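Colleague: Take this structure first; my questions come after.
The values are calculated or read from the model by the stated rules, or taken from the named source; none is laboratory data. It should be emphasised that the depicted structure is a prediction, and the values quoted were computed from it without experimental measurement. As a convention, Cβ positions derive from the backbone with ideal geometry for all residues, glycine included, and neighbour counts pool all protein chains shown. Heads up: the accessible areas ignore ligands, DNA and RNA and are worked out on the full protein's heavy atoms, side chains in. Shrake-Rupley method; radii C 1.70, N 1.55, O 1.52, S 1.80 Å.
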Amino acid sequence: MSIDFYAIGQRIQKKRKSQNITQENLAEAISVTVGYISQIERGITKINLETLSQIAEHLNCEITDFLSNTVIDSDNYLANELSDLVKKLNSTNRKVLIEMAQILQKNQKKR
């Protein structure tokens, strides 16, 4: 089983920014370095559950907000992120996305 730490980091970053909390503020609150927060958000380092729990507590959310659908082999992997992105697209760009997905699907079948 493989975990997408980049997706976890991006969710942390999105939540942090939505609350106007800087990396510096978050790092100070949970007693880690700003560099460590940056590495987590970029998916460079594998965050442990204790640190993830502290971040969730500081950002007033559940740890599952960061962990759900991050198992790369699962059927729901990144489905919510894709759905959110599609909702934000205008109809022209949705059509382009569908065409791109169809090309990817055809190429996948060939392999």
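Colleague: Mind checking whether some residue in segment 1-8 is of a type in the set (F, W, Y) and either more than 26 Å from L85 (Cα to Cα) or open to solvent by less than 30 Å² (accessible area, probe 1.4 Å) (or both)? Steps first, please.
Modeller: Looking only at segment 1-8, we keep the residues that are of a type in the set (F, W, Y), and these are 5-6.
In the following step, the residues that additionally are either more than 26 Å from L85 (Cα to Cα) or open to solvent by less than 30 Å² (accessible area, probe 1.4 Å) (or both) were identified as none.
No, because not a single residue in segment 1-8 is of a type in the set (F, W, Y) and either more than 26 Å from L85 (Cα to Cα) or open to solvent by less than 30 Å² (accessible area, probe 1.4 Å) (or both).
Colleague: Given the conditions (1) within 24 Å of I3 (Cβ to Cβ); (2) part of a helix (DSSP H, G or I); (3) open to solvent by 60 Å² or more (accessible area, probe 1.4 Å), which single one is not true for K87?
Modeller: Condition not satisfied by K87: (1).
Colleague: Specify the residue that is nearest to T64 (Cα to Cα); the eligible residues are those in segment 1-23 that are among the β-branched types (V, I, T) and outside any helix (DSSP H, G or I). Break it down stepwise before answering.
Modeller: If we filter segment 1-23 for residues that are among the β-branched types (V, I, T), which is where we start, we get 3, 8, 12, 21-22.
Next, from what is left, pick out any that are outside any helix (DSSP H, G or I): 3, 21-22.
On the way: I3: 14, I21: 20, T22: 22 Å.
Of everything passing the filter in segment 1-23, I3 is nearest to T64 (Cα to Cα).
Colleague: Give just the number: which of (1) touching a His at 6+ places or on another chain (Cβ under 6 Å); (2) under 30 Å from A101 (Cβ atoms) does I12 not satisfy?
Modeller: Every condition holds for I12 apart from (1).
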